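The structure appears below as structure tokens.
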Amino acid sequence: MSIILPIAQRGEDVLKLIAAPVADTEFSTAWLQELAKALEATMLERNGVGIAAPQVYVSKRVIIVASRPNPRYPDAPEMEAITMVNPEIIAQSSQTVLGEEGCLSVPDERGQVSRAEQITVQFFSLKGEKIIQSFHGFPARIVQHEIDHLNGVLFVERI
Ligand code: ZN
């Protein structure tokens, strides 16, 4: 059983906040696991390829990145969904690429956004393990879009 959460829409205050980091004491807790499960279920139900906790009214630094082919992005590569806690871009290519983006919080609007082609992200697993991973192309775009949500920025502000 998965809980599907309502999605905050453009203009709502929760989408403009700087989300709070997940604290050391919150790793491995039931609530963090439940949040991650509900986030993923909500993302899948809306056919999204990524989601950030502020989009479900939880102003915490948790995102899910899940590139896969779908009606909106037929050429997207397939990857396992990755839940990232307290993600931080620690390196990025100077090369940028323009690509189309949409957002579950901005329905019926899409636009071309410039993003770094390659990034290296440091993040933590739900258990608090530190992970450093590099992404390029579409998955790198998703990570940048979702981290923007943690900093109160919507893609439409980058067009
Ligand atoms: Zn979004």
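The values are calculated or read from the model by the stated rules, or taken from the named source; none is laboratory data. All figures in this text were calculated on a predicted structure; none of them were measured in a lab. Quick reminder, even Gly has a Cβ in these numbers, built from the backbone with ideal geometry, and neighbours come from all protein chains shown.
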For LEU39, which of the numbered conditions (1) touching a residue at least 60 places away in the same chain (Cβ under 8 Å); (2) within 14 Å of the ligand (Cβ to nearest atom); (3) not aromatic (Phe, Trp, Tyr) fails to hold?
(1)
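Test LEU5 against the criterion of being surrounded by 13 or more Cβ atoms within 10 Å (Cβ to Cβ), over 24 Å from GLY137 (Cα atoms), out of contact with any strand residue (DSSP E or B) (no Cβ under 9 Å at 6 or more places or on another chain) and among the aliphatic types (A, V, I, L, M), and give yes or no. Give the steps one after another, and end with the answer.
Values: surrounded by 13 or more Cβ atoms within 10 Å (Cβ to Cβ): yes; over 24 Å from GLY137 (Cα atoms): yes; out of contact with any strand residue (DSSP E or B) (no Cβ under 9 Å at 6 or more places or on another chain): yes; among the aliphatic types (A, V, I, L, M): yes.
Against the criterion (surrounded by 13 or more Cβ atoms within 10 Å (Cβ to Cβ), over 24 Å from GLY137 (Cα atoms), out of contact with any strand residue (DSSP E or B) (no Cβ under 9 Å at 6 or more places or on another chain) and among the aliphatic types (A, V, I, L, M)), LEU5 qualifies.
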Please list, ordered by first then second residue, the pairs with beta carbon atoms under 8 Å, 6 or more apart or interchain, first in the range 18-32 and at positive phi, second modelled with pLDDT of 95 or more.
SER28/LEU126; SER28/LYS127; SER28/GLY128
If we keep just the residues of the range 95-126 that are among the charged types (D, E, K, R) and either at pLDDT below 95 or out of contact with any Ser or Thr (no Cβ under 7 Å at 6 or more places or on another chain) (or both), which is surrounded by the fewest Cβ atoms within 10 Å (Cβ to Cβ)?
ASP108
Being within 16 Å of the ligand (Cβ to nearest atom) and closer than 19 Å to SER134 by Cα narrows it down to one of PRO87, PRO54, so name that one.
PRO87
Evaluate the range 135-143: report whether one residue or more is within 16 Å of the ligand (Cβ to nearest atom), among the aromatic types (Phe, Trp, Tyr) and more than 12 Å from the chain's Cα centre (by Cα).
yes
Restricting to the range 147-159, name every residue that is under 30 Å from THR25 (Cα atoms) and in contact with a helix residue (DSSP H, G or I) (Cβ under 9 Å, 6 or more places away or on another chain).
ASP148, HIS149, LEU150, GLY152, VAL153, LEU154
Could we say that PRO71 is outside any loop (DSSP other than H, G, I, E, B), out of contact with any helix residue (DSSP H, G or I) (no Cβ under 9 Å at 6 or more places or on another chain), exposed (fewer than 15 other Cβ atoms within 10 Å of the Cβ) and modelled with pLDDT under 95 here?
no
